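Reviewing the structure listed below.
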Amino acid sequence: MTLNGEVLGKAKWAAGRLVEAERQVQLARADYHTLIRRLHLAGGSLREIAQALGLSHQRVQQIVNDAGGSWWQRVWRTRNRERDAVCTFCEGPPSEVSRLLAGPNVFICDACVDLAAQALSGRRGGPRPFRAAQEGSRAKCSFCAKKASSQRALVLAEAANLCADCLEVCQQILRAEEG
Ligand SMILES: [Zn+2]
Ligand SMILES: [Zn+2]
């Protein structure tokens with residue numbers, strides 16, 4: 001052993017500290033981005049948010065769009081307009097569905113958002129109508145049109161699919177509506 005034991009011990013300790021610090025950075029970043037999206041979902045314009053936080057307009061746009069593309073910005077502006085729509089996933093008619101979110105040619109109700117979240121949390125088989133996509137699946141999210149990957153989990157249903165990012169956005173929209 002040519003390594004100085006004391007220095008090695010310090011190096012190991014420093015490595016542990018670094019891993020923990022990096023984890024904290026990731027958590028802080030995720031929190032920050034989620035809060036920025038919430039400001040936007042609650043009606044704040046990109047310009048307003050950028051000014052208030054000292055960020056560039058482009059940066060705020062990037063953070064907001066990272067949540068699965070921009071389909072939901074349109075949704076948010078046109079919410080409450082699709083009164084006769086039916087949930088694409090459970091086909092529940094408006095009378096049986098308490099809230100419906102519209103994507104591009106796809107609708108999802110709040111109950112299906114909950115079911116998709118359960119399916120994504122890894123239960124095998126998943127609650128109907130959802131099942132988690134297998135590894136290597138070529139299926140695409142019906143909301144943001146992105147493919148499943150190791151970073152992007154996807155739940156599949158007969159009529160449409162939903163990725164983890166878009167699911168999170170749906171949950172944020174529902175939460176923001178609750179106030
Ligand atoms: Zn539904
Ligand atoms: Zn998606």
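Of the residues that sit in region 1-46 and are free of Cβ contacts under 8 Å to residues at least 24 places away in the same chain and touching a helix residue (DSSP H, G or I) at 6+ places or on another chain (Cβ under 6 Å), which one is farthest from Ile63 (Cα to Cα)? Result: Leu39. Of all residues in region 94-122, those satisfying the criterion of being more than 10 Å from ligand 1 (Cβ to nearest atom) and out of contact with any helix residue (DSSP H, G or I) (no Cβ under 7 Å at 6 or more places or on another chain) are Pro94, Ser95, Asn105, Val106, Gln118, Ala119, Ser121, Gly122. Regarding Ala164, is this residue within 25 Å of His40 (Cβ to Cβ), surrounded by 16 or more Cβ atoms within 10 Å (Cβ to Cβ), touching a residue at least 12 places away in the same chain (Cβ under 8 Å) and of a type in the set (Gly, Ala, Ser)? Spelling it out, Ala164 is indeed within 25 Å of His40 (Cβ to Cβ), surrounded by 16 or more Cβ atoms within 10 Å (Cβ to Cβ), touching a residue at least 12 places away in the same chain (Cβ under 8 Å) and of a type in the set (Gly, Ala, Ser).
Based on this model, can you work out whether Gln73 counts as more than 13 Å from ligand 2 (Cβ to nearest atom), in a loop (DSSP other than H, G, I, E, B), at pLDDT below 85 and surrounded by fewer than 21 Cβ atoms within 10 Å (Cβ to Cβ)? It is false that Gln73 is more than 13 Å from ligand 2 (Cβ to nearest atom), in a loop (DSSP other than H, G, I, E, B), at pLDDT below 85 and surrounded by fewer than 21 Cβ atoms within 10 Å (Cβ to Cβ).
The values are calculated or read from the model by the stated rules, or taken from the named source; none is laboratory data. For clarity, every value in this text was computed on a predicted model and none was experimentally measured. For neighbour counting, all protein chains shown are included, and Cβ atoms are generated from backbone atoms with ideal geometry for every residue, glycine included.
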